[in-house]
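Quick notes on the structure that follows.
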Amino acid sequence: MKHNVAQKLIASHLVSGRMATGTEIGLKIDQTLTQDATGTMVMLEFEAMRVPRIKTELSAQYVDHNLLQTDYKNADDHLFLRSACQKFGLWYSRPGNGVSHPVHMERFGVPGKTLLGSDSHTCAAGSLGMLAMGAGGLAVATAMAGEPFFVQMPQIWGIRLSGRLPDWVSAKDVILEMLRRHGVDGGRGRIIEYYGPGLQALSAMDRHVIANMGAELGATTTVFPSDAAVKKFLSAQGRGGSWREIAADQGAGYDVEDEIDLSGLEPLIALPTSPGNVVPVREVAGRRIYQAYIGSSANPGLRDFAVPAMMVDGRLIPANVSFDVNPTSRQLIENLIAMGLMDKLIRTGARFHQAGCNGCIGMGQAPASGKISLRTVPRNFPGRSGTAEDQVYLCSPETATASALTGVITDPRTLGMPYPSFQEPDRIQVNTHMLLAPNGEGAGIRLEKGPNIRPLPDFPALPDGVSGPVLLKVGDNVSTDEIMPAGSKILPLRSNIPEISKFTFSRIDETYYARAVKYRKQGSFVVGGHNYGQGSSREHAVLGPRFLGVRAVIAKSFARIHWQNLVNFGIPPLTFVDANDWQDIDPGDMLVIDGIRDQLQAGFSVNATNRSKNRHYRLAHAMSPRQVQVVLSGSLINTIRCKQAATAQ
């Protein structure tokens with residue numbers, strides 16, 4: 001049978017199930033990636049499983065999100081993560097070394113391998129010909145323990161690329177074109193695979209930009225073939241021996257197909273407050289800006305800083321514009337200095353920040369209130385920048401830099417300057433000094449836990465019946481940023497569930513926590529619209545509601561990772577059979593699901609009653625028998641513990 005790249009990667013790691021769309025498959029995971037905003041919980045979960053050392057080929061922990069040390073919390077967590085890496089056998093990337101996704105691609109990415117990360121943008125490594133997927137932290141912890149990763153077999157969506165990008169158009173515009181066409185849920189249930197003659201002019205880092213924001217389409221992941229561009233990238237990193245060719249078989253087909261003529265693209269921009277709200281830059285040109293920001297995991301490559309540096313050479317940024325440069329790694333900074341590019345950015349008035357995620361996750365670099373911020377980051381959900389009612393636009397480095405120079409949103413084609421010519425060098429300066437290798441034995445190492453690190457709460461099994469009020473009803477495309485916000489105030493509480501739970505749904509309803517506490521023992525419900533839980537993989541968006549007593553979430557549809565996180569922590573994700581029933585439920589209505597355990601085990605249908613209105617609803621679930629057992633047990637940790645106890649006996 002002829003296979004495309006995605007099918008080859010899946011087939012080579014398939015340990016259970018079959019490659020039939022919509023059925024559950026189990027995959028062997030070769031590598032894992034964790035970052036500090038989610039990794040602290042991963043390490044606590046791994047500790048709770050009582051597994052002494054990781055069982056993957058390689059696992060790496062990065063400190064890139066929570067770099068602001070305004071008090072002891074982040075600093076304490078960094079020490080905890082380092083001790084966990086020594087004890088459990090992970091690589092440790094020190095604070096300031098760089099953003100996880102490009103650093104992992106440079107140092108550890110291997111074509112043909114699987115990578116599971118507790119960050120939704122782990123899919124960026126698909127640029128190397130890897131099967132790289134984001135997941136909740138608990139799924140990553142179980143993969144570190146040697147368990148398979150379970151996912152529903154996606155459709156394979158082939159995107160044929162032809163032509164060549166024009167001047168002033170770059171890889172960011174390719175993924176923005178995908179979002180313009182298909183929206184933030186167009187990739188749900190699909191792996192996106194790019195192929196065709198247009199790949200020849202896209203570097204490995206160009207592909208990283210495109211693969212990274214496949215998460216914004218809701219895709220399971222994105223894959224590219226491993227070809228000459230990947231070989232060149234790995235060779236420049238001093239790892240040419242890791243390369244191997246991976247290509248689709250001649251004549252291999254796809255479940256769904258689309259085509260993009262790169263030569264027909266123009267500069268694009270996503271308007272507030274969704275990555276899917278995309279228009280041509282020329283349509284919004286002239287709007288006054290406050291900030292232009294380059295960097296982040298979505299545009300982390302050398303060319304994403306080199307081209308802006310050449311654009312601003314000899315010019316000054318207007319005094320009313322904050323031009324923020326967010327370098328993605330210490331290695332990148334060294335190369336910018338060596339190539340004489342750093343000086344150009346500094347002299348123009350750019351504001352440099354330490355290598356990390358920073359403003360992308362709301363950790364500093366917040367824009368002024370009511371002012372426009374142009375960013376090369378992957379997301380612009382409401383308030384994510386750290387400023388309430390923010391106006392964040394997503395665009396390419398070229399558009400951000402052109403706008404920084406003029407003070408208004410500017411189509412870079414109108415600058416009247418030649419497009420900077422930049423070629424990726426065959427050799428670069430490589431820096432591995434801030435990567436700490438795992439030691440040989442962790443038995444005698446003690447986990448270093450500061451006062452903010454609390455044990456993971458125990459979650460009891462699902463009762464025979466659940467009842468309670470609908471404490472919150474929301475519409476379509478609610479993101480995990482809205483369920484559990486990030487930012488400099490909240491993220492430091494990530495290892496303290498009782499404290500961080502106080503911010504659950506705070507961006508939607510500031511009264512939610514006070515109301516939820518009253519019903520914590522009895523239980524409560526949340527009702528959502530389509531694509532509920534889009535965005536970040538952060539499982540705190542489940543842990544918060546679970547700690548506060550949410551026993552089921554009922555929505556029109558769910559984003560993949562959030563749906564999986566709900567299952568992993570014992571909250572049944574239920575969908576309306578008749579979407580019109582969503583309109584019938586009001587906040588405060590008392591819902592009852594009698595015999596929920598029996599109903600979940602009997603099939604895919606669940607009956608619920610609205611006692612406030614004497615109405616009955618048919619609900620459905622898409623859980624496999626394995627996942628049903630996870631929900632019944634109360635969490636995946638409970639399931640793993642039972643499995644280990646049985647094995648020991």
Quiz item: Which of the GluC sites (Glu not before Pro) found in segment 481-559 are in a DSSP loop and have at most 10 neighbouring Cβ atoms, other than their own, within 10 Å?
Solution: GLU510
Quiz item: Which order results if MET19, MET43, MET153, MET130 are arranged by neighbouring Cβ count within 10 Å, fewest first?
Solution: MET19, MET153, MET43, MET130
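Among the trypsin sites (Lys or Arg not before Pro) within segment 228-277, which fall in a DSSP loop and have no more than 15 other Cβ atoms within 10 Å of their own Cβ? Could the numbers behind the result be given before it?
On the way: sites: LYS231, LYS232, ARG239, ARG244; in loops: ARG239, ARG244.
The qualifying sites are ARG244.
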Practice problem: Report the relative contact order of the chain, percent, no decimals, based on alpha-carbon pairs under 8 angstrom and at least 6 residues apart. | Solution: 14
Exercise. Return the FRET efficiency for the residue pair ALA514, GLN629: r is the Cβ-Cβ distance, R0 is 51 Å, and the value is rounded to the nearest 0.05.
Key: 0.90
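Could you list the GluC sites (Glu not before Pro) in segment 229-259 that lie in coil according to DSSP, counting only those with at most 11 other Cβ atoms within 10 Å of their Cβ?
Numbers: sites: GLU245, GLU257, GLU259; in loops: GLU245.
Nothing satisfies the criteria.
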Quiz item: Roughly speaking, what is the centre-to-centre gap between segment 391-468 and segment 601-646 when only Cα atoms are used, to the nearest Å?
Solution: 34
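First select every other residue whose beta carbon is under 13 angstrom from the beta carbon of GLY383; then total the charges, Lys and Arg +1, Asp and Glu -1. Please list the in-between numbers first.
Details: positive: ARG379, ARG384, LYS489, ARG507; negative: GLU389, ASP390, ASP481, GLU482, GLU510.
Charge balance in the 13 Å sphere: -1.
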Quiz prompt | Point-to-point label distance, SER612-ARG239, nm (Cα→Cβ direction, 7 Å offset) | solution = 5.3
Quiz item: How long is the gain from VAL408 to THR23 if the chain were fully straight, where each residue apart is worth 0.36 nm and the alpha carbon distance is subtracted?
Solution: 133.7 nm
Practice problem: Run the quick spin-label model on LYS489 and ALA388: label points 7 Å from Cα toward the beta carbon, then report their separation in nm to one decimal. | Solution: 0.8
Practice problem: Count the net charge of all other residues whose Cβ sits under 12 Å from the Cβ of LYS502, scoring Lys and Arg as +1 and Asp and Glu as -1. | Solution: -1
Quiz prompt | Listed residue (ILE561, ALA437, GLN583) projecting farthest to the positive dipole end of segment 430-587, Cβ model | solution = ALA437
Quiz item: Which of TRP168, TRP563 comes first, and how do the rest follow, when ranked by fewest Cβ neighbours within 10 Å?
Solution: TRP168, TRP563
Exercise. Mind giving me the nanometre distance, one decimal, between the label points for LEU14 and ASN580, set 7 Å out from Cα along Cα→Cβ?
Key: 4.1
Quiz prompt | Whole-number D in µm²/s for segment 466-648 (Stokes-Einstein; Kirkwood sum over Cα pairs; 4 °C, 1.567 mPa s) | solution = 79
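Using the count of nearby Cβ atoms within 10 Å as a rough guide to exposure, how do ASP481, ASP426, ASP167 rank from fewest to most?
On the way: ASP481 22, ASP426 8, ASP167 12.
Going from sparsest to densest Cβ surroundings: ASP426, ASP167, ASP481.
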Exercise. Under 14 Å from the Cβ of GLY253, count the other residues' Cβ atoms, weight Lys and Arg +1, Asp and Glu -1, and hand me the total.
Key: -2
Practice problem: With a Förster radius of 60 Å, plug the Cβ-Cβ distance of ARG164 and PHE604 into 1/(1 + (r/R0)^6) and report the FRET value to the nearest 0.05. | Solution: 0.80
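Need one number: convex hull volume per residue for the chain, Cα atoms only, in Å³.
Values: hull volume 94.8 nm³, N = 649.
For the chain, the hull spanned by Cα atoms encloses 146 Å³ per residue.
How much length, in nm to one decimal, is gained on full extension between ALA646 and ASP343, taken as 0.36 nm per residue of separation minus their Cα-Cα distance?
Working: separation 303, 0.36 × 303 = 109.08 nm, distance 6.20 nm.
Net length gain for the segment: 102.9 nm.
Only helices at least 27 Å long along their own axis, judged from Cα atoms, and with Kyte-Doolittle mean hydropathy of 1.6 or greater: name those in the chain from DSSP H.
Answer set is empty.
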Self-check item: For segment 582-597 versus segment 340-380, the gap between their alpha-carbon centres in whole angstrom
Solution: 45
Exercise. Any aspartates and glutamates with Cα under 19 Å of the LYS113 Cα? List them, leaving off those in the same chain fewer than 8 positions away.
Key: ASP30, GLU57, GLU147, GLU193, ASP227, GLU245, ASP249
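All of the numbers you see were taken from the coordinates with simple rules; none came from a lab. This structure is a prediction, so every number in the text was calculated from the model and none was measured. So basically every Cβ, Gly included, is an ideal-geometry build from the backbone, and we count neighbours across all protein chains shown.
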